[in-house]
Amino acid sequence: MTEDLKNRYVNRDLSWLEFNARVLQEAADPSVPLIERWRFLGIFSNNLDEFYRVRYASIKRMGSMGRSKALVRDLAGYTPAELLNEITKKVRLQQIEGERIHDELLELLDKEDIRFVDEQELTKGQKEFVRRYFVEKVSPLVFTLMIDELDKLPELNDKSFYLAIKILRKKDPDRPRYALIEVPAAMIGRFVELPKYGKRYIMYLEDLIRYNLNYIFFIFDFDQIEAHVIKITRDAELDLDNDVGRSWLEKMSRSIRDRRTGDPVRLIYDQDIPADLLDYLVRHMDLDSMDSLISGGRYHNKKDYLRFPNVGGPELENPGLPALRHPDLDLERSLLEVIRRKDALLVLPFHSFSYYIRLLREAAIDPAVQSIKITLYRLASQSRIINALINAAKNGKQVTVVIELQARFDEANNIRWTRELKQEGVEVIFGVRGLKVHSKVLLISRKEGNKIREYAAIGTGNLNESTAKLYTDYHLFTCDKRISRELKMLFEFFDSNYLQQDYEHLIVSPHFTRKRFYELIDREIEQAKSGRKAAIRMKLNSLSDMGIIDKLYQASQSGVRIQLIVRGICSLIPGKKGLSEHIEVISIVDRFLEHTRFFYFENAGDPSVHLGSADMMTRNIDHRVEVTVPIYDRDIQRELIEHFEICWRDNVKARLQGPAAQNTYRESSKKMHRSQIDLYQYCKKRLKKKRG
C-alpha cells in the first residue's frame with residue numbers, strides 16, 4: 001500500500017520543501033541582483049521557520065497516534081517517523097547549500113566594496129566605534145542568563161536567536177560556566193554599519209556582542225570564553241480550550257500567549273559549538289529523538305536578511321516597476337459609477353491597490369450607500385482598509401466585518417483590529433466556528449431610486465496594502481446581479497450559520513467546491529470522450545487534495561490536456577505513463593510571490609473561467625469558507641486566458657515539475673519570456689491602447 005501511494009502522490013511536506021528549494025535557487029541565481037539574492041536567503045529561512053512551527057510540529061503530534069492506514073494515506077505512504085526523518089535529511093542538504101550561497105554572496109559583496117567583518121578583523125578605529133555602540137545602544141537591551149546551575153532552561157523565544165556562551169575560569173578550569181544571551185536584532189537591527197574607510201563595512205550584531213563579551217563577563221576572571229549561535233523553533237499550534245465561560249476573543253488572546261511556550265521541535269546550532277555545551281542545551285530543553293537537530297555555520301536566523309540594507313548602488317536591487325493606472329478606473333472619479341457600467345479586473349501588483357481603498361472611501365461618504373460587508377483575513381499593520389471601514393461607520397453606514405481570528409501568525413494583529421472596530425461601532429463577526437474564513441469578498445449596498453443595487457468585489461488575495469505590492473493577485477469588481485445576489489446569501493450565512501444556502505454561480509467551500517469542481521472536470525472528460533475540445537488549465541498556490549488529483553488523473557487518461565502552474569505544494573505526479581501523460585506542471589518563482597488562483601475549463605469551445613481564494617487542498621475545499629467566482633465578462637475572460645498563456649510561456653523563471661525534472665529550469669533557444677515582466681508590459685500596453 002505504501003509504495004502504491006508513493007507512486008501515485010508526492011507527500012505534501014516533501015513537495016513544500018521542493019518549493020523552498022526553488023526559493024533557494026533564486027538566492028543562487030547570478031542574474032538576480034545581489035541584494036535581492038540576500039533577501040531570497042531571508043525568505044528561504046523565514047519559510048523554513050514557519051514550516052517547522054506548523055507542519056513539522058503537526059507531524060510530530062501525529063506520531064503519537066500510531067500507524068493507522070488513514071494516517072499513512074494522508075501522508076502519501078509515510079509513517080510520521082519516516083516522514084520526519086526524510087524532512088530532516090532534505091533540510092540538512094538545503095542548509096548546506098544555503099551556507100555555500102551565503103559565503104558566495106559575501107565574496108560578491110566584497111567586490112562591490114561592501115565587506116562584512118567579524119570581531120577578529122576590526123581596526124583600531126572600528127574597535128572604538130564597536131565598543132561605544134555596544135555601551136550606548138546594545139548593552140541596555142542585553143539580558144544574560146547564567147544557565148549552568150538550572151534544572152531546566154527558561155522558555156526561549158523562537159522568534160529570536162541566542163549566543164550560547166562557554167566560560168572557562170582560571171580558578172576552576174574543570175567547571176565551565178554556561179550562559180545565554182538573546183541577540184536583540186528585532187529591536188535595533190541585525191546589521192551594524194561601521195564607519196566608512198574606502199569600503200563600506202558591516203558587522204553582524206552577534207559578532208559585535210562577541211567582541212564585547214569581556215565587558216559582560218569580566219566578574220568571572222575567565223581564561224577563555226567562546227560564543228556560538230543557537231536557535232529554537234516551537235510548535236505554533238493554538239490550544240483553544242472548551243471553557244464556555246470565556247469569549248472567543250479571550251480564548252484566542254490567551255492561546256496566543258501560550259504559544260510562546262509551545263514544545264520545541266527544532267534546534268539549529270553552530271557546528272563548532274563544544275560538545276559539552278550542546279549536550280547540556282539538548283538535555284535541558286527536553287528535546288527528544290523526534291525533534292530536529294540541525295548543525296550549520298556560524299550565522300543563523302537568516303530571515304533577518306529580508307531586511308538586508310542596500311548600502312551600495314541601485315543596480316544591486318531590482319529595478320522599480322511603478323504601479324500602473326487601471327485602463328477603466330480613475331482615482332479622481334466615481335468607481336461605483338464605472339463598476340455599474342462594466343466589470344473591472346484589478347491585477348496586482350501591476351495595478352495600484354489604491355483602487356480598492358478608493359472604492360471603500362467612496363462608499364464611506366456616498367449618501368446613497370447603506371451598508372458595507374467585508375471579509376478580512378490578513379491585514380497590514382497600518383491598515384487603510386480598517387480606516388475606511390471606521391470612516392463608513394462614523395458616517396452612519398451599517399458596516400459588517402467578518403474577521404478571521406485564526407489567520408496563522410496574524411492572530412494578535414487581527415485581535416487588535418477587532419477591538420478597534422468594535423469600539424467604533426462596527427459589527428464584527430468572528431468567522432464560522434470550526435471553519436476558517438479565507439474568502440476575500442466585499443459587498444456594498446447602495447440605494448438607487450426605489451431599488452437597492454449591490455456592488456461586489458471578489459479576490460484571490462488579502463486586503464493588505466503591504467502584500468499587495470509583493471504578491472500577484474486578482475480582484476474582480478462587478479455589479480452582476482448573479483454574483484452580488486449570491487454574495488449577499490454568503491453574508492447571511494456568516495450571520496446565521498444554520499442557513500445553508502444553495503449557490504448557482506459562486507463556488508463556495510466547504511459545501512460546494514468539491515462537488516462543483518468534480519462536475520467541471522467530469523464535463524471535460526465527457527467532451528474528450530465525444531471527440532470535442534477538452535482542456536483544463538489551473539494556476540494555484542498548492543495542489544494536494546487526493547480527490548481532485550484522482551479526478552485530474554482520470555481526465556488525463558481520457559485524453560484531456562491539462563496544464564498546471566503550481567507555485568508551492570504539488571502532490572500530483574505529472575507525465576507518468578498510464579496515469580498522467582497528458583498533464584504538464586510548471587512552477588514560477590520570481591521577484592513577486594505568485595498568488596493568483598485561476599481555473600479554465602475548455603468545454604468544447606465555450607470555456608468556463610473562474611478565479612477565487614481556494615487552492616486545491618483538502619483544508620480549502622472541506623474546512624474553510626472560500627469563494628470562487630465565474631467570469632462572465634468576455635473581455636476579462638480573454639484577459640485572464642492571455643495572462644495564463646504569458647505565464648505558460650515563461651522560460652526564465654519557470655521550473656519543470658515531475659520525477660524526471662524536479663525544479664529544472666526550462667531550456668529554450670527561442671526568445672526569453674519572463675512572465676512577471678511580460679505581464680507588466682501587457683498591462684502597460686492595455687493602458688496605452690485605452691488612452692489611444
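The values are calculated or read from the model by the stated rules, or taken from the named source; none is laboratory data. Remember, predicted model here, so these are calculated numbers, not experimental data. Here the Cβ positions follow ideal geometry from the backbone for every residue, glycine too, while neighbour counts run over all protein chains shown.
Being under 30 Å from residue 405 (Cβ atoms), modelled with pLDDT of 85 or more and not hydroxyl-bearing (Ser, Thr, Tyr) holds for only one residue in 232, 225, and it is 232. Residue 77 passes every criterion in (1) under 16 Å from residue 47 (Cα atoms); (2) touching a Ser or Thr at 6+ places or on another chain (Cβ under 7 Å) apart from (1). Of all residues in segment 293-310, those satisfying the criterion of being surrounded by 18 or more Cβ atoms within 10 Å (Cβ to Cβ) and either more than 22 Å from residue 90 (Cβ to Cβ) or free of Cβ contacts under 8 Å to residues at least 12 places away in the same chain (or both) are 304, 308.
Where residues in segment 557-592 are surrounded by fewer than 18 Cβ atoms within 10 Å (Cβ to Cβ) and basic (Lys, Arg), which of them is farthest from residue 646 (Cα to Cα)? Among residues in segment 557-592 that are surrounded by fewer than 18 Cβ atoms within 10 Å (Cβ to Cβ) and basic (Lys, Arg), the one farthest from residue 646 (Cα to Cα) is 577.
A single member of 89, 60 is more than 27 Å from residue 550 (Cα to Cα), without any contact (Cβ under 8 Å) to a residue 60 or more places away in the chain and among the basic types (Lys, Arg), and it is 89.
Each row is one residue, and each column tells you yes or no for (1) surrounded by fewer than 20 Cβ atoms within 10 Å (Cβ to Cβ); (2) out of contact with any strand residue (DSSP E or B) (no Cβ under 7 Å at 6 or more places or on another chain); (3) modelled with pLDDT of 85 or more.
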| residue | (1), (2), (3) |
| --- | --- |
| 268 | no, no, yes |
| 274 | yes, no, yes |
| 285 | yes, no, no |
| 288 | yes, yes, no |
| 291 | no, no, no |
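Beta carbons closer than 8 Å, at least 6 apart along the sequence or on distinct chains, pair a first residue in segment 469-494 that is outside the structural domain of residue 683 (by TED's automatic domain parsing) and over 27 Å from residue 677 (Cα atoms) with a second that is in a helix (DSSP H, G or I) and of a type in the set (A, V, I, L, M) for 478/339; 479/339. Within segment 341-371, the residues that satisfy the criterion of being under 15 Å from residue 327 (Cβ atoms) and over 26 Å from the mean Cα position of the chain (by Cα) are 341, 342, 343, 344. Against the criterion of being of a type in the set (Phe, Trp, Tyr), outside the structural domain of residue 662 (by TED's automatic domain parsing) and modelled with pLDDT of 95 or more, residue 51 does not qualify.
For segment 598-651, which positions are over 22 Å from residue 493 (Cβ atoms), of a type outside the set (Asp, Glu) and under 23 Å from the mean Cα position of the chain (by Cα)? 598, 599, 616, 643, 644, 647, 648 - these are the residues of segment 598-651 that are over 22 Å from residue 493 (Cβ atoms), of a type outside the set (Asp, Glu) and under 23 Å from the mean Cα position of the chain (by Cα).
Taking (1) among the polar types (S, T, N, Q); (2) touching a Pro at 6+ places or on another chain (Cβ under 9 Å); (3) not in a helix (DSSP H, G or I) in turn, residue 637 satisfies each apart from (3). The set of residues in segment 444-495 being buried (at least 24 other Cβ atoms within 10 Å of the Cβ) and more than 22 Å from residue 640 (Cβ to Cβ) consists of 444 alone. I'd like the full set of residues that are in contact (Cβ under 8 Å) with a residue 12 or more places away in the chain and closer than 14 Å to residue 216 by Cα, limited to segment 138-157. Of everything in segment 138-157, those that are in contact (Cβ under 8 Å) with a residue 12 or more places away in the chain and closer than 14 Å to residue 216 by Cα turn out to be 138, 139, 141, 142, 143, 144, 145, 146. Screening residue 583 with (1) in contact with a His (Cβ under 6 Å, 6 or more places away or on another chain); (2) more than 25 Å from residue 377 (Cβ to Cβ); (3) not small (Gly, Ala, Ser) gives one miss only, at (1). For residue 680, the conditions (1) under 30 Å from residue 548 (Cα atoms); (2) crowded, with 16+ Cβ neighbours inside 10 Å all hold with the exception of (1). Applying the criterion of being among the acidic types (Asp, Glu) and buried (at least 18 other Cβ atoms within 10 Å of the Cβ) to the residues of segment 197-225, the residue that is farthest from the chain's Cα centre (by Cα) is 207. For segment 100-119, the criterion of being under 30 Å from residue 8 (Cα atoms) and in contact (Cβ under 8 Å) with a residue 24 or more places away in the chain is met by none of the residues. Inclusion of residue 430 among residues that are at pLDDT below 95, under 25 Å from residue 497 (Cα atoms) and aromatic (Phe, Trp, Tyr) is warranted. Out of segment 527-549, which residues are assigned to a helix (DSSP H, G or I) and loosely packed, with under 15 Cβ neighbours inside 10 Å? 529, 547 - these are the residues of segment 527-549 that are assigned to a helix (DSSP H, G or I) and loosely packed, with under 15 Cβ neighbours inside 10 Å.
Only residues that are more than 34 Å from the chain's Cα centre (by Cα), touching a residue at least 12 places away in the same chain (Cβ under 8 Å) and under 16 Å from residue 184 (Cα atoms) were counted in segment 125-137, giving 4.
The helices (runs of 4 or more DSSP H) located wholly in segment 1-69 that include 3 or more residues which are aliphatic (A, V, I, L, M) and under 30 Å from residue 316 (Cα atoms) occupy 12-28, 34-51. Of all residues in segment 103-124, those satisfying the criterion of being within 37 Å of the chain's Cα centre (by Cα) and assigned to a loop (DSSP other than H, G, I, E, B) are 112, 113, 117, 118, 119. The single condition among (1) within 25 Å of residue 519 (Cβ to Cβ); (2) hydrophobic (A, V, I, L, M, F, W, C); (3) surrounded by fewer than 18 Cβ atoms within 10 Å (Cβ to Cβ) that residue 687 does not meet is (1).
Name the single residue that is surrounded by the most Cβ atoms within 10 Å (Cβ to Cβ) among those in segment 383-412 being at pLDDT below 90 and out of contact with any Leu (no Cβ under 8 Å at 6 or more places or on another chain). Checked segment 383-412; the qualifying residue surrounded by the most Cβ atoms within 10 Å (Cβ to Cβ) is 407. For segment 495-515, a residue qualifies if it is outside any loop (DSSP other than H, G, I, E, B) and without any contact (Cβ under 8 Å) to a residue 12 or more places away in the chain, and exactly one does: 515.
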